[in-house]
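Input: a single structure, listed below in structure tokens.
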Amino acid sequence: MKFRATVAYDGTNFCGFQYQSNVRSVQGVLEDALATTCGQRVRVVGAGRTDAGVHAKGQVIAFDVNWRHAPGVLLKALNAVLPEDVSIWDMMLADEAFHPRFSARSRRYEYNVVLTDVRNPLAARYAWLVRQPIDVTRMNQAAQSLLGEHDFAAFGTAPQGEVTVRFVTRALWHQVWDRWTTLVFEIEANAFLFRMVRRIVKMLVRVGQGQLSVDDVTGILASRDIRRVKGLAPACGLCLVNVSY
């Protein structure tokens, strides 16, 4: 039977989602848990190949396995053997044609930036710590130029093939006040390039700090030159929050 599940994980101690030999991956941990629970080596397929250090609370996986009990029983059995930094949140039977990656209509990521003038060890695991001041209005103005269908070659490389055109339906910063000020960037698209979100966040933060103008963002996008974006936002601030089908 084919099963579909939603998975959450803290990506800090993983090399990424995709299996790699001799290093710890989310896919590898899930496959080990299935082998322990079901007595079978099963291949797990994910909706997004999150990079090393990137988190998820809406990763979708699918796998085929011989299992005689209800999906809820399998969910509990897997969570009982999974490590503390991975959890399965739901489990259901899936149609044989379902593919987590190719059946997806869109993916949504969030990126957290914490504004602080001092080191903040409580936030550093899940956010990029950035010194104030930063202009959120300018960042949102610049983000609007990313909406729609564009060639995003300036922000990443294709996971497969050479096509770098993507359709972005949402790109928005909003501010949250708690113990410290957090800026949350939401971005949704039909698909993403390798490290695309982290390059976009890095560029938009530079806009907010006055290092780039809103017009510079339009020029960088049109250039399709990956050398125009200097550096990456840290992986720790990024989370895959939802995959839509």
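The values are calculated or read from the model by the stated rules, or taken from the named source; none is laboratory data. Keep in mind that this is a model prediction, so the values were computed, not measured. Because the Cβ atoms are built from the backbone with ideal geometry, glycine has one as well, and the counts that use them run over all protein chains shown.
Among (1) over 20 Å from PHE3 (Cβ atoms); (2) in a loop (DSSP other than H, G, I, E, B), there is one condition GLU96 misses while meeting the rest; what is its number?
(1)
Six or more apart or on different chains, Cβ atoms under 9 Å: show the pairs whose first residue is in segment 60-73 and assigned by TED's automatic domain parsing to the domain that holds THR37 and exposed (fewer than 11 other Cβ atoms within 10 Å of the Cβ) and whose second is outside any strand (DSSP E or B) and of a type in the set (S, T, N, Q).
Within 9 Å, the pairs are ASN66/GLN40.
Between a first residue in segment 7-28 that is touching a residue at least 40 places away in the same chain (Cβ under 8 Å) and a second residue that is assigned to a loop (DSSP other than H, G, I, E, B) and aliphatic (A, V, I, L, M), which pairs have beta carbons less than 6 Å apart while being 6 or more apart in sequence or on different chains?
GLY11/VAL54
What number of residues in segment 214-235 are of a type in the set (Gly, Ala, Ser), exposed (fewer than 14 other Cβ atoms within 10 Å of the Cβ) and assigned to a loop (DSSP other than H, G, I, E, B)?
Looking only at that region, the number is 1.
State yes or no: is PRO159 in a loop (DSSP other than H, G, I, E, B), in the same structural domain as LYS202 (by TED's automatic domain parsing) and more than 22 Å from GLY58 (Cα to Cα)?
no
For segment 1-55, give me each residue that is crowded, with 16+ Cβ neighbours inside 10 Å, part of a helix (DSSP H, G or I) and touching a strand residue (DSSP E or B) at 6+ places or on another chain (Cβ under 9 Å).
Correct list: GLY11, VAL26, GLN27, VAL29, LEU30, GLU31, ALA33, LEU34.
Given the criterion crowded, with 16+ Cβ neighbours inside 10 Å and small (Gly, Ala, Ser), identify the matching residue among ALA154, ALA80, ALA124.
The unique qualifying residue is ALA154.
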